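What follows is a set of notes on a single structure, which appears directly below.
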Amino acid sequence: MPKLAITNLSKTFGAGPRAVTALQGVDLAIGDNEFLSLVGTSGCGKSTLLSIVAGLESHDEGEVLVDGVPVDGPGLDRGVVFQSYTLFPWLTARQNVEFALKEAGMRGKEAVDAARDHLKLVGLDGFADSYPRELSGGMKQRVAIARALSYRPKMLLMDEPFGALDALTRHHMQELLTRIWEQHRLTVLFITHDVEEAVYMSDRVAVMSNRPGRIKEIIDIDLERPRHYDLVASPRFQQLHRAVLDSIRAESIEVAQLGSALA
Amino acid sequence: MPAKKPRSLFRLTATITRAQFVGISICVFALLLAAWWIATANEWVRPLFLPSPPKVLARLGELAASGQLWQDASISIWRITVGFLISTAFALPIGVLIGCYKSWEAIVEPVVDFIRYMPVVAFVPLTILWTGTGDTQKYLIIWIGTFFQQVLLIMDNVKGVPWDFINLGRTLQMPERRILSRIVVPSAMPGIWDSLRISLGWAWTWLVVAELVAATSGMGYRITTAQRFFQTDLIIGYILLLGCFGLATDQAMKALGRRMFRYMAGR
């Protein structure tokens, strides 16, 4: 049984002539401990899909099952890392992680230990008592990842978590997340528009079509693990990169043609 | 040779040191004072219209010595404190509520927006009719003048809380009320504090308005009686003093805000 099973999912925003169908007939299954990236042109509905899986957004048709149980609202079994920095500015890095742990029902020493361990996991044990304004963008997202991992959700949902970071920091974050994932294994649904990022980190890459979004193609990333950044230069990586890019590109061209046809 | 440092104080986005800032500010005050002094010393304006700085100071000293000044000021300070606290006590919960819930916004916001544009001064005769000329009437005028502004400012502060903060609370399965108290309110607090600081400035105006029209005590009352005896030195002295009180409370709240919200950048 897949960890996450999405079947025939549809979502429309608004009603009447101004209604926008964001998703139509999405089918996707993610296995236990699988790292799956969802890529697509902007506005294709990939973030909407993640919000529905997170339980933050309702859907009109179809089903979302986590371990065979239908999703009904947000839950502690799904940790979410948002693109925007969601650290509370009035709490230190450690307190931000502890905040989540306490809400998840962990108390006292157990919570303190878990917070410390997870900050160490993302390499921020030296910044536990720093306030978010004292941390760089990459560090903030590392705390957010530590926080999402700390209460041990069944799966991690990441919505372009590195989208706001500069290229160099992105690479560091990709390597860090890959290392954590390879050591600790958990199910990840990762949204991105960065093809290289998707290929580098994932077991499989799902390409979404233009709006209304559906899964157009799923590409297996058969690169060996553990992965290092040198891999990016390998012919097989280039090949896979190209395959994903071509698949997305077909969609962008369609958009462009539609645009000129309307003009 | 080292690169030439751009030295202009008046360049877009140019930063200046704290000392420079304070220095410039003090210079402006000194210049205004000097202009006032010179104009009155040369009798360019009639002393009845604009008395000289020493004369104003002397009058204030006289009033301070007799205890009159302190009596007037303490009554006014008491009134603004009570009026402002009542107003804030109403505005905080209502502002947070309508900032969070669209239905509450629909109930409250249009009405508040409408009343906000009604001239507060025009309420003075009505409030006298309703509550007499006692302290209650002063509180009422301060309340009418500040509450409706505060509510809308606080609503905007609460609306400024990032949605993802609330979404994060949801993914942690926090109940709505807990998201409100543990996430929304702390997140909006620095902004709310600023809103209160700004509205306190307005409250000073409404206090004096209320005291000018119908009062038997307070600084506004003293200004009205001074008018009858052409004591312009007292009027100007009290106006300046009120300005100082306003500035002092503003600076105090700013300093307090810096302490409370030390975690914020650039405060």
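Below is a table of values for the structure above.
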| item | result |
| --- | --- |
| Residues satisfying the stated conditions in the stretch A:174-222, i.e. of a type in the set (Val, Ile, Thr) and not in a strand (DSSP E or B) | A:Thr178, A:Ile180, A:Thr192, A:Val195, A:Val199, A:Ile221 |
| Residue in the stretch A:96-103 that is in contact (Cβ under 8 Å) with a residue 60 or more places away in the chain and farther than 21 Å from B:Pro162 by Cβ present | no |
| Sole residue being surrounded by 15 or more Cβ atoms within 10 Å (Cβ to Cβ), modelled with pLDDT under 95 and in a helix (DSSP H, G or I), chosen from B:Val96, B:Val124 | B:Val124 |
| Some residue of the stretch A:190-212 being surrounded by fewer than 17 Cβ atoms within 10 Å (Cβ to Cβ), of a type in the set (S, T, N, Q) and at pLDDT below 90 | no |
| Members of the stretch A:138-148 that are under 22 Å from A:Ser202 (Cα atoms) and either among the β-branched types (Val, Ile, Thr) or within 13 Å of chain B (Cβ to nearest Cβ) (or both) | A:Gln141, A:Val143, A:Ala144, A:Ile145, A:Arg147, A:Ala148 |
| Complete set of residues in the stretch B:16-27 that are surrounded by fewer than 10 Cβ atoms within 10 Å (Cβ to Cβ) and part of a helix (DSSP H, G or I) | B:Arg18, B:Ala19 |
| Residue check for A:Leu76: surrounded by fewer than 18 Cβ atoms within 10 Å (Cβ to Cβ) and at the interface with chain B (Cβ under 10 Å from one of its Cβ atoms) | yes |
| Matching residues in the stretch B:212-233 - criterion: being surrounded by 15 or more Cβ atoms within 10 Å (Cβ to Cβ), β-branched (Val, Ile, Thr) and without any contact (Cβ under 8 Å) to a residue 24 or more places away in the chain | B:Ile223, B:Thr224 |
| Candidates A:Leu56, A:Leu91, filtered to the one that is out of contact with any Lys or Arg (no Cβ under 9 Å at 6 or more places or on another chain), within 14 Å of chain B (Cβ to nearest Cβ) and not polar (S, T, N, Q) | A:Leu91 |
| Residues that are in a helix (DSSP H, G or I), facing chain A (nearest Cβ under 9 Å) and among the aliphatic types (A, V, I, L, M), drawn from the stretch B:156-210 | B:Leu168, B:Ile183, B:Met189 |
| Helices (runs of 4 or more DSSP H) completely within the stretch A:37-144 that count 1 or more residues being under 23 Å from A:Ser209 (Cβ atoms) | A:46-54 |
| Hits in the stretch A:1-36 - residues which are in a loop (DSSP other than H, G, I, E, B) and either in contact (Cβ under 8 Å) with a residue 12 or more places away in the chain or closer than 26 Å to A:Asp77 by Cβ (or both) | A:Met1, A:Pro2, A:Lys3, A:Gly31, A:Asp32, A:Asn33, A:Glu34 |
| Odd one out for B:Leu152, checked against (1) more than 27 Å from A:Gly73 (Cα to Cα); (2) buried (at least 18 other Cβ atoms within 10 Å of the Cβ); (3) in contact (Cβ under 8 Å) with a residue 60 or more places away in the chain; (4) of a type in the set (A, V, I, L, M) | (3) |
| Test: A:Ser42 is within 14 Å of chain B (Cβ to nearest Cβ) and surrounded by fewer than 22 Cβ atoms within 10 Å (Cβ to Cβ) | no |
| Some residue of the stretch A:152-168 being more than 14 Å from every other protein chain (Cβ to nearest Cβ) and part of a helix (DSSP H, G or I) | yes |
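Every residue, every condition in (1) surrounded by fewer than 19 Cβ atoms within 10 Å (Cβ to Cβ); (2) more than 17 Å from A:Leu177 (Cα to Cα), yes or no:
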residue: A:Glu63; (1), (2): yes, yes
residue: A:Pro70; (1), (2): yes, yes
residue: A:Leu87; (1), (2): no, yes
residue: A:Gln95; (1), (2): yes, yes
residue: A:Gly105; (1), (2): yes, yes
residue: A:Arg116; (1), (2): yes, yes
residue: A:Val122; (1), (2): no, no
residue: A:Arg133; (1), (2): yes, yes
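The values are calculated or read from the model by the stated rules, or taken from the named source; none is laboratory data. As the structure is a prediction and not an experimental result, all values here were calculated from the model. Cβ sites come from the backbone with ideal geometry, for glycine too, and all protein chains shown count toward neighbours.
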